[in-house]
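The values are calculated or read from the model by the stated rules, or taken from the named source; none is laboratory data. Source: prediction; values computed, not measured. All Cβ positions, glycine included, derive from the backbone under ideal geometry; neighbour counts span all protein chains shown.
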Amino acid sequence: MKEIILASQSPRRKQLLEWAEIPFKVVVQSTDEHFPASMPVEEVPVYIASNKALAVSEHLKALHQWDPEQVILAADTIVVLGEEVINKPADRNEAIAILSRLSGKDHRVITGVVLLHGSNRQQFAVTTHVQFHALSPEQIAFYVDKYKPFDKAGAYAIQEWIGVTGIASITGDFYNVMGLPVSTVVQTLQKMGL
């Protein structure tokens, strides 16, 4: 497979592409991750991923480094409790509050993916349901203090201690919760003839 451009600095997404043996290089541009308040939650991560992909595309064009044969992959992952998007925590207290709300409940993790290849644009969202066991305040504080999940939607990473010990069940793609539904990405690239 030809090298793709990953429009993300996420170490989890890099790791997942490496595991899938997809060659890539990282090119990122800062983008606004706000979204219209009236937007259905299922559309939010695709909207944000689209902004990321287009920002990288425009950046490469401005540098005269744009190759229409290149593929840009952008993704965004959100955590949804009920119909509320749970963002990344600002600090320790907010991380503890978020995990306390997720404790004992089912929530959705939705990753939106956008693939740009010249004029061909593919986009999709994948949803995984995650059910936490009831977590004690001590467990939550231990996790937040040791792992500092301040750069993670929902204030947790499924591949860390809290995922190993605190998750009762997962329905859907595990790797989607890590930040990229890799198998769906590979299937889509194949359909695009790449």
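Remarks
- Some residue of the stretch 93-107 being touching a residue at least 24 places away in the same chain (Cβ under 8 Å), in contact with a helix residue (DSSP H, G or I) (Cβ under 7 Å, 6 or more places away or on another chain), β-branched (Val, Ile, Thr) and surrounded by fewer than 19 Cβ atoms within 10 Å (Cβ to Cβ): yes
- Residue within the stretch 91-98 that is closer than 24 Å to Val56 by Cβ, β-branched (Val, Ile, Thr) and at pLDDT 95 or above present: no
- Put simply, of Ile140, Ile158, Ile96 the only residue that is within 18 Å of the chain's Cα centre (by Cα) and not basic (Lys, Arg) is Ile158.
- Yes/no for Ala90 being farther than 21 Å from Arg121 by Cα, exposed (fewer than 15 other Cβ atoms within 10 Å of the Cβ) and in contact (Cβ under 8 Å) with a residue 60 or more places away in the chain: yes
- Scanning the stretch 134-153 for residues that are modelled with pLDDT of 95 or more, small (Gly, Ala, Ser) and either in a strand (DSSP E or B) or surrounded by 13 or more Cβ atoms within 10 Å (Cβ to Cβ) (or both) returns a single hit, Ala141.
- Hits in the stretch 109-133 - residues which are farther than 20 Å from Val177 by Cβ and either among the β-branched types (Val, Ile, Thr) or part of a loop (DSSP other than H, G, I, E, B) (or both): Gly118, Ser119
- Of all residues in the stretch 111-130 being touching a residue at least 60 places away in the same chain (Cβ under 8 Å) and closer than 30 Å to Ala168 by Cβ, the one that is nearest to the chain's Cα centre (by Cα): Thr111
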